[in-house]
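Beneath this line is the structure, given in C-alpha coordinates, with notes to follow.
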Amino acid sequence: MTSPNVLTETARQKYFGGYQCTYEHWSNELKCKMNVAVYFPPSYSSSAEKFPVLYFLSGLTCTHENFTIKSGMQRIAAQHEMVVVSPDTSPRGSDHPKEHDDWDFGSGAGFYLDATNTPWSENYRMYSYVTQELLGAISENFNVSEEKRALSGHSMGGHGSLVIFLKNSHLFKCCTALAPISNPCKGLWGVKAFSNYFGEDKAVWAEWDATELAGKFKADTPANILVCQGDTDKFLEKELLTGNFVEVAKGNSCLNVDYRVREGYDHFYPYIATFLHEHFEYIAKFIC
(Lines give C-alpha, C1' and ligand atoms only; values in the text may rest on other atoms or scores of the structure.)
Protein backbone atom coordinates (compact mmCIF):
# COMPACT_ATOMS: atom_id res chain seq x y z
CA MET A 1 0.00 0.00 0.00
CA THR A 2 1.29 3.46 -0.93
CA SER A 3 2.29 5.75 1.94
CA PRO A 4 0.11 8.86 2.49
CA ASN A 5 3.34 10.85 2.36
CA VAL A 6 3.87 10.05 -1.33
CA LEU A 7 2.41 12.98 -3.27
CA THR A 8 2.03 12.98 -7.05
CA GLU A 9 1.67 16.36 -8.77
CA THR A 10 -1.23 16.38 -11.24
CA ALA A 11 -1.55 20.09 -12.05
CA ARG A 12 0.50 23.29 -11.84
CA GLN A 13 -0.46 26.82 -12.84
CA LYS A 14 1.37 30.11 -12.34
CA TYR A 15 -0.61 32.47 -10.12
CA PHE A 16 0.51 35.94 -8.94
CA GLY A 17 4.14 34.94 -9.37
CA GLY A 18 3.74 31.70 -7.43
CA TYR A 19 2.23 28.34 -8.33
CA GLN A 20 -1.13 26.76 -7.64
CA CYS A 21 -0.61 23.01 -7.68
CA THR A 22 -2.71 19.91 -7.20
CA TYR A 23 -1.40 16.68 -5.68
CA GLU A 24 -2.84 13.22 -5.36
CA HIS A 25 -2.03 10.81 -2.55
CA TRP A 26 -3.37 7.69 -0.91
CA SER A 27 -5.12 7.97 2.46
CA ASN A 28 -5.10 4.99 4.80
CA GLU A 29 -7.67 6.74 6.99
CA LEU A 30 -10.13 7.36 4.16
CA LYS A 31 -9.23 4.26 2.12
CA CYS A 32 -9.09 6.16 -1.15
CA LYS A 33 -6.96 8.53 -3.20
CA MET A 34 -7.35 12.17 -2.20
CA ASN A 35 -6.64 15.41 -4.01
CA VAL A 36 -5.12 18.38 -2.21
CA ALA A 37 -4.42 21.86 -3.58
CA VAL A 38 -1.26 23.69 -2.50
CA TYR A 39 -0.34 27.28 -3.32
CA PHE A 40 3.33 28.27 -3.21
CA PRO A 41 4.14 32.02 -3.06
CA PRO A 42 6.69 33.53 -5.48
CA SER A 43 9.57 33.43 -3.01
CA TYR A 44 9.13 29.73 -2.25
CA SER A 45 11.41 28.50 -5.04
CA SER A 46 14.32 30.76 -4.07
CA SER A 47 14.31 30.68 -0.27
CA ALA A 48 15.82 28.11 2.06
CA GLU A 49 13.73 29.29 5.02
CA LYS A 50 10.73 27.25 6.11
CA PHE A 51 7.46 28.90 5.11
CA PRO A 52 4.38 29.54 7.23
CA VAL A 53 1.47 27.37 6.16
CA LEU A 54 -2.28 27.88 6.29
CA TYR A 55 -4.68 24.93 6.05
CA PHE A 56 -8.05 26.03 4.66
CA LEU A 57 -11.04 23.70 5.05
CA SER A 58 -13.93 24.11 2.62
CA GLY A 59 -17.66 23.72 3.13
CA LEU A 60 -20.53 21.48 2.05
CA THR A 61 -20.44 20.19 -1.55
CA CYS A 62 -16.93 21.55 -2.13
CA THR A 63 -13.80 19.81 -3.36
CA HIS A 64 -10.16 20.85 -3.02
CA GLU A 65 -10.71 23.29 -5.91
CA ASN A 66 -13.50 25.64 -4.78
CA PHE A 67 -11.43 27.83 -2.49
CA THR A 68 -8.52 28.03 -4.93
CA ILE A 69 -10.72 29.03 -7.87
CA LYS A 70 -13.32 31.33 -6.27
CA SER A 71 -11.67 33.18 -3.39
CA GLY A 72 -8.78 35.05 -5.01
CA MET A 73 -6.61 33.93 -2.11
CA GLN A 74 -3.45 33.55 -4.20
CA ARG A 75 -2.88 37.31 -4.41
CA ILE A 76 -3.11 37.61 -0.61
CA ALA A 77 -0.99 34.52 0.06
CA ALA A 78 1.70 35.84 -2.27
CA GLN A 79 1.79 39.14 -0.38
CA HIS A 80 2.20 37.35 2.95
CA GLU A 81 4.61 34.72 1.55
CA MET A 82 2.39 31.97 2.89
CA VAL A 83 1.87 28.41 1.64
CA VAL A 84 -1.85 27.53 1.53
CA VAL A 85 -3.14 23.95 1.64
CA SER A 86 -6.73 23.11 0.63
CA PRO A 87 -7.85 19.48 1.03
CA ASP A 88 -11.03 17.82 -0.21
CA THR A 89 -14.09 17.66 2.08
CA SER A 90 -14.80 13.92 2.25
CA PRO A 91 -13.62 10.52 1.06
CA ARG A 92 -14.39 9.78 -2.57
CA GLY A 93 -15.55 6.64 -4.34
CA SER A 94 -16.66 4.49 -1.40
CA ASP A 95 -20.33 4.38 -2.52
CA HIS A 96 -22.00 3.58 0.80
CA PRO A 97 -25.82 3.41 0.66
CA LYS A 98 -27.23 6.97 0.64
CA GLU A 99 -23.71 8.45 0.44
CA HIS A 100 -24.51 10.51 -2.64
CA ASP A 101 -28.23 11.15 -2.10
CA ASP A 102 -28.07 14.53 -0.31
CA TRP A 103 -25.84 17.55 -0.73
CA ASP A 104 -25.54 18.09 3.04
CA PHE A 105 -24.49 14.59 4.04
CA GLY A 106 -22.02 11.97 2.81
CA SER A 107 -19.99 12.76 -0.28
CA GLY A 108 -18.73 16.34 -0.06
CA ALA A 109 -19.93 16.57 3.54
CA GLY A 110 -17.40 14.73 5.71
CA PHE A 111 -17.69 17.26 8.57
CA TYR A 112 -14.01 16.83 9.53
CA LEU A 113 -14.83 14.16 12.12
CA ASP A 114 -14.10 10.47 12.72
CA ALA A 115 -17.38 8.59 12.33
CA THR A 116 -18.24 5.80 14.78
CA ASN A 117 -21.45 4.52 13.17
CA THR A 118 -21.31 1.88 10.42
CA PRO A 119 -20.78 2.01 7.49
CA TRP A 120 -19.32 5.51 7.85
CA SER A 121 -16.77 4.44 10.45
CA GLU A 122 -15.00 2.42 7.74
CA ASN A 123 -13.57 5.49 6.05
CA TYR A 124 -15.28 8.74 7.07
CA ARG A 125 -12.31 9.85 9.14
CA MET A 126 -11.58 13.35 7.89
CA TYR A 127 -10.38 14.49 11.32
CA SER A 128 -7.60 11.89 11.44
CA TYR A 129 -6.86 12.48 7.76
CA VAL A 130 -6.26 16.20 8.32
CA THR A 131 -4.49 16.04 11.69
CA GLN A 132 -2.29 13.05 10.94
CA GLU A 133 -1.90 12.19 7.27
CA LEU A 134 -2.26 15.61 5.65
CA LEU A 135 -0.09 17.51 8.13
CA GLY A 136 2.52 14.77 7.85
CA ALA A 137 2.49 14.69 4.06
CA ILE A 138 2.84 18.46 3.73
CA SER A 139 5.68 18.62 6.26
CA GLU A 140 7.45 15.67 4.65
CA ASN A 141 7.29 16.98 1.08
CA PHE A 142 7.50 20.76 1.29
CA ASN A 143 9.61 23.44 2.93
CA VAL A 144 7.04 24.49 5.53
CA SER A 145 7.40 25.17 9.24
CA GLU A 146 5.66 22.92 11.75
CA GLU A 147 5.97 25.82 14.19
CA LYS A 148 4.11 28.25 11.91
CA ARG A 149 0.80 26.56 11.12
CA ALA A 150 -2.69 28.08 11.10
CA LEU A 151 -6.20 26.84 10.33
CA SER A 152 -9.12 28.49 8.60
CA GLY A 153 -12.35 27.39 6.99
CA HIS A 154 -15.80 28.31 5.75
CA SER A 155 -19.19 26.93 6.84
CA MET A 156 -18.65 23.19 7.39
CA GLY A 157 -14.96 23.96 7.02
CA GLY A 158 -15.31 26.66 9.66
CA HIS A 159 -16.71 23.96 11.93
CA GLY A 160 -13.70 21.81 11.04
CA SER A 161 -11.27 24.64 11.69
CA LEU A 162 -12.73 25.41 15.12
CA VAL A 163 -13.05 21.79 16.24
CA ILE A 164 -9.61 20.71 15.03
CA PHE A 165 -8.03 23.79 16.62
CA LEU A 166 -9.80 23.35 19.95
CA LYS A 167 -8.71 19.71 20.06
CA ASN A 168 -5.16 20.43 18.85
CA SER A 169 -4.22 24.00 19.75
CA HIS A 170 -0.64 22.82 20.28
CA LEU A 171 -0.37 22.15 16.53
CA PHE A 172 -1.54 25.58 15.32
CA LYS A 173 -0.77 29.16 16.27
CA CYS A 174 -4.31 30.37 15.61
CA CYS A 175 -7.48 29.64 13.68
CA THR A 176 -10.15 31.62 11.86
CA ALA A 177 -13.63 30.73 10.62
CA LEU A 178 -15.98 32.35 8.13
CA ALA A 179 -19.70 31.69 8.78
CA PRO A 180 -18.92 28.45 10.62
CA ILE A 181 -21.33 25.68 11.57
CA SER A 182 -20.80 26.52 15.22
CA ASN A 183 -23.18 24.42 17.30
CA PRO A 184 -23.92 21.30 15.22
CA CYS A 185 -25.57 19.48 18.14
CA LYS A 186 -28.44 21.96 17.72
CA GLY A 187 -28.25 23.03 14.06
CA LEU A 188 -30.12 21.29 11.25
CA TRP A 189 -27.05 20.32 9.21
CA GLY A 190 -25.18 19.10 12.27
CA VAL A 191 -28.03 17.03 13.69
CA LYS A 192 -28.46 15.26 10.36
CA ALA A 193 -24.74 14.57 10.00
CA PHE A 194 -24.13 13.57 13.62
CA SER A 195 -27.17 11.25 13.72
CA ASN A 196 -25.75 9.32 10.78
CA TYR A 197 -22.05 9.46 11.60
CA PHE A 198 -22.37 8.83 15.37
CA GLY A 199 -25.83 7.44 16.08
CA GLU A 200 -27.85 8.95 18.92
CA ASP A 201 -25.24 9.22 21.69
CA LYS A 202 -25.30 12.96 22.39
CA ALA A 203 -22.18 12.70 24.55
CA VAL A 204 -20.27 11.67 21.43
CA TRP A 205 -21.82 14.54 19.48
CA ALA A 206 -20.54 17.03 22.05
CA GLU A 207 -16.95 15.99 21.37
CA TRP A 208 -17.32 17.32 17.82
CA ASP A 209 -19.21 20.53 18.56
CA ALA A 210 -17.18 23.76 18.72
CA THR A 211 -19.54 25.39 21.20
CA GLU A 212 -19.31 22.43 23.56
CA LEU A 213 -15.53 22.27 23.19
CA ALA A 214 -15.15 26.01 23.78
CA GLY A 215 -16.87 25.71 27.13
CA LYS A 216 -14.32 23.25 28.49
CA PHE A 217 -11.19 24.38 26.64
CA LYS A 218 -8.15 24.86 28.84
CA ALA A 219 -4.69 26.20 28.04
CA ASP A 220 -1.83 27.93 29.84
CA THR A 221 -1.87 30.70 27.22
CA PRO A 222 -5.13 31.94 25.63
CA ALA A 223 -5.72 30.49 22.16
CA ASN A 224 -6.45 32.99 19.38
CA ILE A 225 -9.54 32.69 17.18
CA LEU A 226 -11.12 35.03 14.62
CA VAL A 227 -14.74 34.40 13.62
CA CYS A 228 -16.69 36.49 11.14
CA GLN A 229 -20.31 36.20 10.11
CA GLY A 230 -22.56 37.91 7.56
CA ASP A 231 -25.69 39.27 9.21
CA THR A 232 -27.94 38.42 6.25
CA ASP A 233 -26.76 34.79 6.08
CA LYS A 234 -29.94 32.74 5.56
CA PHE A 235 -28.37 29.79 7.41
CA LEU A 236 -27.42 31.72 10.54
CA GLU A 237 -30.41 30.95 12.78
CA LYS A 238 -31.09 27.28 12.01
CA GLU A 239 -27.87 25.78 10.67
CA LEU A 240 -24.86 27.83 11.84
CA LEU A 241 -25.77 29.22 15.28
CA THR A 242 -22.56 31.26 15.29
CA GLY A 243 -23.69 33.38 18.22
CA ASN A 244 -23.85 30.33 20.48
CA PHE A 245 -20.16 29.64 19.97
CA VAL A 246 -19.15 33.27 20.38
CA GLU A 247 -21.08 33.63 23.64
CA VAL A 248 -19.53 30.51 25.17
CA ALA A 249 -16.03 31.18 23.85
CA LYS A 250 -15.98 34.75 25.09
CA GLY A 251 -16.88 33.43 28.52
CA ASN A 252 -13.75 31.28 28.62
CA SER A 253 -10.60 33.18 29.66
CA CYS A 254 -8.50 30.56 27.89
CA LEU A 255 -9.85 31.74 24.52
CA ASN A 256 -9.15 35.08 22.87
CA VAL A 257 -12.00 35.48 20.36
CA ASP A 258 -12.27 38.30 17.84
CA TYR A 259 -15.83 38.32 16.44
CA ARG A 260 -16.67 40.48 13.42
CA VAL A 261 -20.20 40.87 12.04
CA ARG A 262 -20.43 41.74 8.33
CA GLU A 263 -23.39 43.99 7.66
CA GLY A 264 -25.38 43.08 4.56
CA TYR A 265 -23.31 40.00 3.64
CA ASP A 266 -24.61 36.47 3.14
CA HIS A 267 -23.01 33.02 3.24
CA PHE A 268 -21.32 32.66 -0.11
CA TYR A 269 -18.09 33.37 -1.98
CA PRO A 270 -18.63 37.12 -2.58
CA TYR A 271 -18.62 37.41 1.24
CA ILE A 272 -15.51 35.20 1.54
CA ALA A 273 -13.61 37.08 -1.16
CA THR A 274 -14.49 40.45 0.39
CA PHE A 275 -13.12 39.67 3.86
CA LEU A 276 -10.53 36.98 3.26
CA HIS A 277 -7.69 39.51 3.42
CA GLU A 278 -8.60 40.26 7.03
CA HIS A 279 -8.24 36.60 7.90
CA PHE A 280 -4.82 36.44 6.27
CA GLU A 281 -3.77 39.60 8.10
CA TYR A 282 -4.93 38.14 11.41
CA ILE A 283 -3.15 34.83 10.74
CA ALA A 284 0.03 36.57 9.59
CA LYS A 285 0.40 38.20 13.03
CA PHE A 286 0.95 34.74 14.49
CA ILE A 287 2.83 32.78 11.81
CA CYS A 288 4.61 35.22 9.50
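The values are calculated or read from the model by the stated rules, or taken from the named source; none is laboratory data. The structure presented is a predicted model; accordingly, all values stated were derived computationally and were not measured. Backbone-built Cβ (ideal geometry, glycine too); neighbour counts: all protein chains shown. Just the protein is used for accessible areas: all its heavy atoms, side chains included, with ligands, DNA and RNA removed. Shrake-Rupley method; radii C 1.70, N 1.55, O 1.52, S 1.80 Å.
Taking a point 7 Å out from the Cα of Thr232 in the direction of its Cβ, the residues of segment 119-162 whose backbone N falls within less than 20 Å of it are 155.
Take segment 208-265 with all the other protein chains still there, run a 1.4 Å probe, and you get 51 Å² of accessible area per residue. Computed from Cα atoms alone, the Kirkwood hydrodynamic radius reported for the chain is 18.8 Å. Taking a sphere under 10 Å around the Cβ of Gln132 and counting the other residues whose Cβ falls inside, with K and R at +1 and D and E at -1, yields a net charge of -1.
Computed packing ranks the peptides 187-193, 265-271 as 187-193, 265-271, most packed first, by mean other Cβ atoms within 10 Å. Of the listed pairs Lys192/Lys234; Lys148/Lys218; Lys33/Lys192; Lys31/Lys285; Lys70/Lys234; Lys33/Lys98, which have alpha-carbon separations greater than 28 Å here? In this structure, Lys31/Lys285 lie more than 28 Å apart at Cα. No solvent, one uniform scatterer per C-alpha: report log10 I(q)/I(0) for segment 183-274 via the Debye equation at q = 0.15 1/Å, two decimals. Scattering profile of segment 183-274, log10 relative to I(0): -0.66.
Per atom type, the chain shows carbon and sulfur on 47% of its accessible surface, probed at 1.4 Å. For segment 67-89, backbone nitrogen atoms closer than 16 Å to the point 7 Å from Ser47 Cα along Cα-to-C-beta are found at 74-85. Of all DSSP-defined beta bridges confined to the chain, some 50% are antiparallel rather than parallel. The translational diffusion coefficient of segment 156-227, from Stokes-Einstein at 20 °C and 1.002 mPa s with a Kirkwood hydrodynamic radius over alpha carbon pairs, comes to 172 µm²/s. For the chain, complete DSSP H runs whose alpha carbons reach 20 Å or more along their own long axis and whose mean Kyte-Doolittle score is 0.0 or higher are 269-287. In the context of the full set of protein chains, segment 147-199 has a per residue accessible area of 23 Å² (1.4 Å probe).
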